[in-house]
Amino acid sequence: MKILAFAASNSSVSINRQLVEYAASLADGCEIETLDIHDYEMPLYRHDREEESGIPQLAHDFLAKIGEADALIISFAEHNGAYTAAFKNLFDWCSRVGREVWQDKPMLLLATSPGGRGGKGVLEFAVGAAPRFGGKLIGHLSVPSFGSSFDTEAGKLTDVDLDAELRQLTAQLVEAA
Ligand SMILES: Cc1cc2nc3c(=O)[nH]c(=O)nc-3n(C[C@H](O)[C@H](O)[C@H](O)COP(=O)(O)O)c2cc1C
């Protein structure tokens with residue numbers, strides 16, 4: 001079984017990437033593929049651009065990665081209460097191929113931020129939106145105060161309760177896939 005894991009952030013030092021990679025490491029016995037959405041950067045979506053040049057190949061490539069996976073784990077960075085522009089642009093291009101961006105895959109959605117809200121705003125939006133784009137939502141978890149909840153050297157959650165919840169959600173994702 002293959003899990004595709006990525007952060008909805010294009011930062012080379014993304015805390016959401018650290019979190020999503022830890023979550024994926026908990027999926028016992030699964031093949032894990034991670035990707036960096038920065039490798040799928042495309043020009044800003046513009047109706048006229050689509051009319052003139054069509055949908056960039058990178059959008060098709062990203063959708064193919066989702067298609068090859070049995071389950072998805074995504075951790076969302078929050079920028080001003082919403083998706084990062086990098087993820088939104090990627091998602092917008094993909095949605096022009098078809099509305100079923102998540103292709104009926106079981107999904108675990110995460111978010112973290114340095115602050116106390118832990119990206120709750122963007123996570124709530126992503127959770128609400130997922131089923132409308134063909135996502136089979138298995139669960140979600142926000143990790144507040146990343147600096148004190150996560151040990152970056154060890155690459156794991158230090159908050160015992162959050163860690164237990166994440167382990168349970170990851171097990172549910174594996175079961176559903
Ligand atoms: C433009 C911008 C807007 C941000 N807005 C929010 C926000 O609304 N809520 C929040 O918790 N953090 C916000 N942050 C801080 C991010 O949570 C922080 O940069 C975090 O590291 C982003 O996740 P990443 O490292 O995975 O990219 C913002 C950061 C930037 C650069």
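The values are calculated or read from the model by the stated rules, or taken from the named source; none is laboratory data. All values derive from a computational prediction rather than experimental measurement. Here the Cβ positions follow ideal geometry from the backbone for every residue, glycine too, while neighbour counts run over all protein chains shown. Note: accessible area is taken over every heavy atom of the protein model, side chains too, but ligands, DNA and RNA are not part of it. Shrake-Rupley method; radii C 1.70, N 1.55, O 1.52, S 1.80 Å.
Across the range 94-119, the number of residues qualifying as open to solvent by 10 Å² or more (accessible area, probe 1.4 Å), near the ligand (Cβ under 8 Å from one of its atoms) and either over 16 Å from the mean Cα position of the chain (by Cα) or not polar (S, T, N, Q) (or both) comes to 3. Every condition in (1) in contact (Cβ under 8 Å) with a residue 24 or more places away in the chain; (2) more than 17 Å from residue 7 (Cβ to Cβ); (3) among the polar types (S, T, N, Q) holds for residue 148 except the one numbered (1). When each of 134, 54 is tested for being surrounded by fewer than 17 Cβ atoms within 10 Å (Cβ to Cβ), over 17 Å from residue 7 (Cα atoms) and without any contact (Cβ under 8 Å) to a residue 12 or more places away in the chain, the lone residue that passes is 54. In the set (1) assigned to a helix (DSSP H, G or I); (2) touching a Ser or Thr at 6+ places or on another chain (Cβ under 8 Å), residue 116 fails one condition alone, (1).
Considering each of 76, 91 in turn, give the residue that is surrounded by fewer than 22 Cβ atoms within 10 Å (Cβ to Cβ), within 12 Å of the chain's Cα centre (by Cα) and either closer than 12 Å to residue 126 by Cα or of a type outside the set (D, E, K, R) (or both).
The match here is 91.
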